[in-house]
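The values are calculated or read from the model by the stated rules, or taken from the named source; none is laboratory data. Given the structure is predicted, the values throughout are model-derived calculations rather than measurements. Neighbour counts run over all protein chains shown; Cβ positions are idealised from the backbone, glycine included.
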Amino acid sequence: MSTEINMVVAIVGPGAIGTTVAAVLHEVGHTPLLCGRTPRDHLTLQDGDRLITVPGPIQTNPIQITRTADLVFLAVKSTQIGAAAEWLKVLTGPETVICVLQNGVEQLDRLATYSLSGQIVPSVVWFPAQTQSDGSVRLRGDVRLSLPDTTASRVVAKALQGTRCSVDLAANFSSLAWRKLLQNAVAGLMALTHRRSGMFSRADIARLTLAYLQECLSVARAEGAELGDEVPQEILDKFQAAPADMSTSILTDREAGRPLEWDIRNGVIARRGRVHSIPTPVSDILVPLLAAASDGPG
């Protein structure tokens, strides 16, 4: 594995998260290779009054890739991993580190089926970034990643050293991943209601949110996550303190009629709950509704 700052870095999936990581690298002179489905000559990140333009072009044909990368940021949604598999095959070799910028606690399991030669690093993405109607991305917070404390993770940290993306190498990574999953699970309510963060100011939605988070917390603890009793209220407080128009990726996908990441964000709670014989009454209602909203029929 290379740990040099001039390592070859590729981003597969230059959406909201991928664009943000590309922009922080480009700011310090380490512009990554961009790989995706849609041809564009640049990416644009809006950060307050600043516009950061990342030069392309975005590569759209894996066959044209002639060498492997030292580090690949996989920034596609879990519903798009199959479509990104060809990129991963041509970009990765035995020494390549693949940093998975996806939601959920099953990142390693889902990529294991593709028999990739590189070393896979799961992550927790803590920054809010939203794709705009013109294709640009709006960043609405600080850029931060949490990674497990491993040798491969240090390659990611080295690549991002000197950028404004802070990297936390966490001994308690599993607990952090479950905490973020609880936050993502609650966002499923936004997809069903077609409402943004302002909805959490309603007393009835707040009660439902806390009941769901208590259910999720029980499953997370059964899975080994060390999360305190205060976590559900803290997550609700965060949604209530957010700008009323704050969206989330699962709501954006619902509005665009795209498949939803309902299984890795919400279905996992019910699935792991059954393993531990933990009742999940809110999930038993929420998950079928999200699945039908995503996959139909009808």
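Return yes or no: is Val124 surrounded by 17 or more Cβ atoms within 10 Å (Cβ to Cβ), modelled with pLDDT of 95 or more, of a type outside the set (D, E, K, R) and not assigned by TED's automatic domain parsing to the domain that holds Ala220? Judged against the criteria, Val124 is a match.
Within region 77-97, does at least one residue satisfy the condition of being part of a strand (DSSP E or B) and either at pLDDT 95 or above or buried (at least 20 other Cβ atoms within 10 Å of the Cβ) (or both)? Show your work before the answer.
Initial filter on region 77-97 (part of a strand (DSSP E or B)): 97.
Okay, now just the ones that are also either at pLDDT 95 or above or buried (at least 20 other Cβ atoms within 10 Å of the Cβ) (or both), so 97.
Yes: one or more hits.
Being surrounded by fewer than 21 Cβ atoms within 10 Å (Cβ to Cβ) and at pLDDT below 95 holds for only one residue in Asp253, Asp284, Asp237, and it is Asp253. Residues that are among the small types (Gly, Ala, Ser), in contact with a Lys or Arg (Cβ under 9 Å, 6 or more places away or on another chain) and closer than 22 Å to Pro279 by Cα within region 190-238 comprise Ala220, Ala222, Ala225, listed in sequence order.
When we screen Ser175, Ser146, Ser153, Ser166 for residues that are touching an Asp or Glu at 6+ places or on another chain (Cβ under 8 Å), closer than 21 Å to Asn6 by Cα and of a type outside the set (Val, Ile, Thr), the only hit is Ser166.
When you scan region 219-233, do you find a residue that is of a type outside the set (Val, Ile, Thr) and under 24 Å from Arg140 (Cα atoms), even just one? Break it down stepwise before answering.
Filtering region 219-233 for residues of a type outside the set (Val, Ile, Thr) gives 220-230, 232-233.
With under 24 Å from Arg140 (Cα atoms) added as a condition, the list becomes 232-233.
Checked region 219-233: at least one residue is of a type outside the set (Val, Ile, Thr) and under 24 Å from Arg140 (Cα atoms).
Please go through region 131-164 and pick out each residue that is assigned to a strand (DSSP E or B) and either of a type in the set (S, T, N, Q) or over 16 Å from the mean Cα position of the chain (by Cα) (or both). Walk me through how you get there before you give the answer.
Narrowing region 131-164 to residues assigned to a strand (DSSP E or B): 131, 137-139, 143-148.
Residues satisfying the conditions are Thr131, Ser146.
When Leu116 is tested against (1) assigned to a loop (DSSP other than H, G, I, E, B); (2) under 27 Å from Asp49 (Cβ atoms), exactly one condition is not met: (2).
Whether a residue is surrounded by 14 or more Cβ atoms within 10 Å (Cβ to Cβ), in contact with a Ser or Thr (Cβ under 8 Å, 6 or more places away or on another chain) and assigned by TED's automatic domain parsing to the domain that holds Pro94 was assessed, and Ile58 passes this test.
Yes or no, residue by residue, for (1) touching a helix residue (DSSP H, G or I) at 6+ places or on another chain (Cβ under 8 Å); (2) more than 25 Å from Ala170 (Cβ to Cβ); (3) assigned to a helix (DSSP H, G or I):
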{"site": "Arg221", "(1), (2), (3)": "no, no, yes"}
{"site": "Gly224", "(1), (2), (3)": "yes, no, no"}
{"site": "Gly228", "(1), (2), (3)": "no, no, no"}
{"site": "Lys238", "(1), (2), (3)": "yes, no, yes"}
{"site": "Pro243", "(1), (2), (3)": "yes, yes, no"}
{"site": "Glu255", "(1), (2), (3)": "no, yes, yes"}
{"site": "Arg272", "(1), (2), (3)": "yes, no, yes"}
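Does Val105 fit the bill of being assigned to a helix (DSSP H, G or I), surrounded by 15 or more Cβ atoms within 10 Å (Cβ to Cβ) and in the same structural domain as Thr79 (by TED's automatic domain parsing)? The answer is no for Val105.
Thr68: in a loop (DSSP other than H, G, I, E, B), in the same structural domain as Gln130 (by TED's automatic domain parsing) and among the polar types (S, T, N, Q), yes or no? Step through it out loud before you land on a result.
Working: in a loop (DSSP other than H, G, I, E, B): yes; in the same structural domain as Gln130 (by TED's automatic domain parsing): yes; among the polar types (S, T, N, Q): yes.
Judged against the criteria, Thr68 is a match.
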